[in-house]
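Comments concern the structure below.
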Number of protein chains: 2
Amino acid sequence: MMKSYPYFRAEDLLQWNINLRLDLSTDFKKRGDLFLEEGQHCDHFYYILKGFVRVYYLDLEGKEITHWFSATDSMITSPFSFFKKEKNILYFEALEDTELLLLTHNQLDAILSQSQSTEKAYRNLLAEFAMILSRRIMSIHTETAEERYLKLIKEHPLLFQKAKLTHIASFLGITPQSLSRIRKNI
Amino acid sequence: MMKSYPYFRAEDLLQWNINLRLDLSTDFKKRGDLFLEEGQHCDHFYYILKGFVRVYYLDLEGKEITHWFSATDSMITSPFSFFKKEKNILYFEALEDTELLLLTHNQLDAILSQSQSTEKAYRNLLAEFAMILSRRIMSIHTETAEERYLKLIKEHPLLFQKAKLTHIASFLGITPQSLSRIRKNI
DNA sequence: CTTCTTTTTTACCATAGGGTAATTTTTGGC
DNA sequence: GCCAAAAATTACCCTATGGTAAAAAAGAAG
């Protein structure tokens, strides 16, 4: 999370954009903008050229649960919607001014079928993503909320400058009150 | 989990094995056999031709935490070890007699670079895996242990014939005692 | 600077699930 | 079928975290 995938680089994408005449579009979002909402089909794989994005969804009571944070040079999409055409449940919110490169399914396919190195980078990105999610499940199953919080501060200190504690609490799977209590005890 | 990935098929692998003279090896495991242990480097991507496998690791107190179950026609590996050469922490245990097809990194690469359709299936497998993990994190963050248990029974009833309740408890992130209490209340 | 809104903290009680230990049930080997 | 070992259940008390509500602090807008 919040990690750049060093092998899937903006410059390569932009090069392929020219070579293959893909006509990739870019988009700018202001801090606070939502650029994907529940029910909207997610037509793009987004490359974050610059910025910071929070991915969240709503639980049954309508509370926002932060699922993910994505920073400059990482990629996001709503996998259920983008890959499987299922109903999208994710919201994408720019937590700071954000510059995006948009790839449609066809454009992504075009790049991946043209460039073996990009294709490998993409596979690497998917595998890396799965490993991060695996680690997160392991962390939930073996560590207390306090341990997960301390690890998050250590590994992603910048996150705390960009996201609200409420966002971080739900990302950690606890309430803001619990996070506050944990912070007090340190 | 416990899901076959319909696009990555044994027959295709076996065909490529012949066409590319890969010399893929197979292996048979008896019920109860461990075929990967912590500290052993995981040299293979395993295709389960037939059988049922539990993937687990040990927490700090040495308790087994079930991370995953894999059934016939699915694939498993220890991603940290296989992809990133990090120390392996996973154990693979055959919960019933199991027949495996073993792919080394080179063999996998050979297949993926020769066959565009297999390569797409592989990408699909990785994406699918990430989606299942995402769903699992969402489930942990929005549902009680009881709800997760009921969902598991509903979606994977066969699992309960093959795995012990202890395995299922740690897979759900609770103790066997809690699982027992939950089962009693239903 | 002041006011309004949002975020964070605090406090208090409630509860889901954990830890220990003992008991019962099931399983597997002979 | 009998016995030992493993698995599952039960019971007890304990703790981390949740829920509600209110107060305090921080941030945004005029």
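Scan the strands (runs of 3 or more DSSP E) fully inside region B:1-78 and keep the ones with 3 or more residues being aliphatic (A, V, I, L, M). Walk me through it before giving the result.
Working: elements: B:25-29, B:34-36, B:45-58, B:64-71.
Because the criterion is at least 3 residues that are aliphatic (A, V, I, L, M), the strands (runs of 3 or more DSSP E) in region B:1-78 that meet it are B:45-58.
A:Ser134 passes every criterion in (1) modelled with pLDDT of 95 or more; (2) within 15 Å of DNA strand D (Cβ to nearest atom); (3) out of contact with any Ser or Thr (no Cβ under 8 Å at 6 or more places or on another chain) apart from (2). Among the residues of region B:145-183, those identified as near DNA strand D (Cβ under 9 Å from one of its atoms) and not in a helix (DSSP H, G or I) are B:Ala163, B:Lys164, B:Thr175. Taking region A:113-132 as the range and being more than 16 Å from B:Ala110 (Cα to Cα) and charged (D, E, K, R) as the test, only A:Glu128 passes. So if I check each of A:Ala130, A:Ala94, which one is outside any helix (DSSP H, G or I), buried (at least 20 other Cβ atoms within 10 Å of the Cβ), touching a Phe, Trp or Tyr at 6+ places or on another chain (Cβ under 8 Å) and not aromatic (Phe, Trp, Tyr)? Unique residue meeting the criteria: A:Ala94.
Of all residues in region B:159-178, those that are in contact (Cβ under 8 Å) with a residue 12 or more places away in the chain have Cβ atoms under 9 Å from Cβ atoms of residues that are of a type in the set (Lys, Arg) and outside any helix (DSSP H, G or I), 6 or more apart or on another chain, in B:Lys162/B:Arg54; B:Ala163/B:Arg54; B:His167/B:Arg54; B:Ser170/B:Lys63; B:Phe171/B:Arg54. Considering region A:157-167, and only residues there that are within 8 Å of DNA strand C (Cβ to nearest atom) and in contact with a helix residue (DSSP H, G or I) (Cβ under 7 Å, 6 or more places away or on another chain), the residue that is farthest from the other protein chains (Cβ to nearest Cβ) turns out to be A:Leu165. What do you reckon, is B:Ser25 at pLDDT 90 or above, of a type outside the set (A, V, I, L, M), touching a strand residue (DSSP E or B) at 6+ places or on another chain (Cβ under 8 Å) and more than 18 Å from B:Ala163 (Cα to Cα)? Yes, satisfied.
Would you pick out the residues in region B:126-156 that are of a type in the set (Asp, Glu) and either touching a residue at least 24 places away in the same chain (Cβ under 8 Å) or more than 11 Å from chain A (Cβ to nearest Cβ) (or both)? Working first, answer last.
Within region B:126-156, the subset of a type in the set (Asp, Glu) is B:128, B:143, B:146-147, B:155.
Correct list: B:Glu128, B:Glu146, B:Glu155.
Give B:Asn88, B:Asn124, B:Asn106 a once-over and let me know the one that is polar (S, T, N, Q), surrounded by 15 or more Cβ atoms within 10 Å (Cβ to Cβ) and within 25 Å of A:Ser115 (Cβ to Cβ). Exactly one residue qualifies, and that residue is B:Asn124.
The values are calculated or read from the model by the stated rules, or taken from the named source; none is laboratory data. Everything quoted here is computed from the prediction, not taken from an experiment. With ideal geometry, Cβ positions are generated from the backbone for all residues, glycine too; neighbour counts draw on all protein chains shown.
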